[in-house]
1. Search the structure for amide H atoms under 5 Å from the amide H of residue 54, placed 1.01 Å from N in the peptide plane, and list their residues when 5 or more places away or on another chain.
2. Could you tally up the Lys pairs in the chain with alpha carbons closer than 20 Å? Skip any pair fewer than 8 positions apart unless they're on separate chains.
3. At a Förster radius of 30 Å, what calculated FRET efficiency corresponds to the Cβ-Cβ distance of residue 118 and residue 77, to the nearest 0.05?
4. Where Rh is the Kirkwood radius over the Cα pairs of the chain, the temperature 25 °C and the viscosity 0.890 mPa s, what D in µm²/s does Stokes-Einstein return?
5. Could you list the trypsin sites (Lys or Arg not before Pro) in the stretch 55-153 that lie in coil according to DSSP, counting only those with at most 16 other Cβ atoms within 10 Å of their Cβ?
6. How much net charge surrounds residue 102 when only other residues with a Cβ under 14 Å from its Cβ are counted (Lys, Arg +1; Asp, Glu -1)?
7. Could you give the angle, 0 to 90 degrees to the nearest 10, between helix 2-20's Cα long axis and the longest principal axis of the Cα atoms of the chain?
8. Which ³J(HN,Hα) values, rounded to whole Hz and listed in residue order, are derived for the stretch 129-144 from phi using the Karplus coefficients 6.51, -1.76 and 1.60 in 6.51 cos²θ - 1.76 cosθ + 1.60 with θ = phi - 60°, glycine and proline given as x?
Amino acid sequence: MVYGLITMLIIIFDQLSKYFARVYLAPIDTYPIIKDIFHLTYRQNTGAAFSILRGNVFLLVGMTFVVILAMIVLLYKLIKHKEHWLLLMSLSFVLGGAIGNLIDRVYLKYVVDYFDFRLINFAVFNIGDSFIVVGAILIGIYIIFIDGKKTSS
């Protein structure tokens, strides 16, 4: 139940931030928070991470939908088996971010991005992307430091 709530809160936070980006940021394109270092920059990404598969909305929607369904089934099974909270939370983070981006792809035909770290010339991204990355890192931490300890005993 709590992991479903975490997922829902991420989706809501992601969609609200993208709504505000469309309404307030799109008309001005970019707003410097720290000039030449960090800006809020409105972008419409028709691809996946780093704009790969740009323009293939139907393929991306289909692939994302299948992965999300598999993750929901996995999360449900792991909750039933009372797996470690870090793994469950990590999967909730990835799932929430993925669903947030899927909602954009289905309804807008693109994903709204707005975080722009110019200091390192990184891709513009959004809150959903951030939760996907943090969730993936936490899964790695779980595998190395927690699950790895269980199997090596």
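FYI, it's all coordinate maths here, none of it is from the lab. For clarity, every value in this text was computed on a predicted model and none was experimentally measured. Quick reminder, even Gly has a Cβ in these numbers, built from the backbone with ideal geometry, and neighbours come from all protein chains shown.
1. Excluding prolines and chain starts, which carry no amide H, the hits are 48.
2. Values: 18/109; 77/150; 80/150; 82/149; 82/150.
So the count of such lysine pairs works out to 5.
3. Details: r = 42 Å, r/R0 = 1.41.
Efficiency at R0 = 30 Å is approximately 0.10.
4. Values: Rh = 16.5 Å.
For the chosen part, D equals 149 µm²/s.
5. Numbers: sites: 77, 80, 82, 105, 109, 118, 149, 150; in loops: 82, 109, 118.
Passing both the DSSP loop test and the Cβ count: 82, 109, 118.
6. Details: positive: 18, 105, 109; negative: 14, 104, 129.
Once positives and negatives cancel, what remains is 0.
7. Its long axis makes an angle of about 10 degrees.
8. So the J values, rounded to whole Hz, are 4, 4, 5, 4, 5, 4, x, 5, 4, 5, 5, x, 4, 4, 4, 6.
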